[in-house]
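So the structure is just underneath, and the comments pick up after that.
The values are calculated or read from the model by the stated rules, or taken from the named source; none is laboratory data. The model shown is predicted, which means the values in this text are computed figures rather than measured ones. Neighbour counts are summed over all protein chains in view; Cβ atoms, including those assigned to glycine, are modelled from backbone coordinates with ideal geometry. Ligands, DNA and RNA are excluded from the accessible area calculation, which covers all protein heavy atoms including side chains. Shrake-Rupley method; radii C 1.70, N 1.55, O 1.52, S 1.80 Å.
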Amino acid sequence: QVQLMESGGGLVQAGGSLRLSCTASISSFRLNAVGWYRQGPGKQRDLVASITTDGTTNYADSVKGRFTISRDNPKNTVYLQMNNLRPGDTSVYYCKTRVGYLDYWGQGTQVTVSS
């Protein structure tokens, strides 16, 4: 059983920054690709950023140049640095990883950006 724990969400003004963390319960986390997703009220859950085991990253067009995903393998943690936040970034943010054929999600962390 894999457990993912997100943290770092909160309330911030437009233009501000937050750093989200996703910490895994398994030491082999470094062997797994990880994605950050977000879901706003009444909306589908969309991929925001992802990072592979070798550090290759990918971003949604809406966050390119503002968000940075990174990983600290000894800490079993993946980060999402979010800069220049906009009200449209307000969502619950989730991290996800796949182990074998199963997807594991964290419980989510709320990010609210005020105008």
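Observations on the structure shown:
- Every test in (1) at pLDDT 95 or above; (2) small (Gly, Ala, Ser); (3) more than 20 Å from Val2 (Cβ to Cβ) is passed by Ser115 save one, and that test is (1).
- Strands (runs of 3 or more DSSP E) lying entirely in segment 4-115 (those with 2 or more residues that are β-branched (Val, Ile, Thr), out of contact with any His (no Cβ under 8 Å at 6 or more places or on another chain) and open to solvent by 50 Å² or more (accessible area, probe 1.4 Å)): none
- Of all residues making up segment 21-48, the number that are closer than 13 Å to Ile69 by Cβ and either among the polar types (S, T, N, Q) or out of contact with any Ser or Thr (no Cβ under 6 Å at 6 or more places or on another chain) (or both): 6
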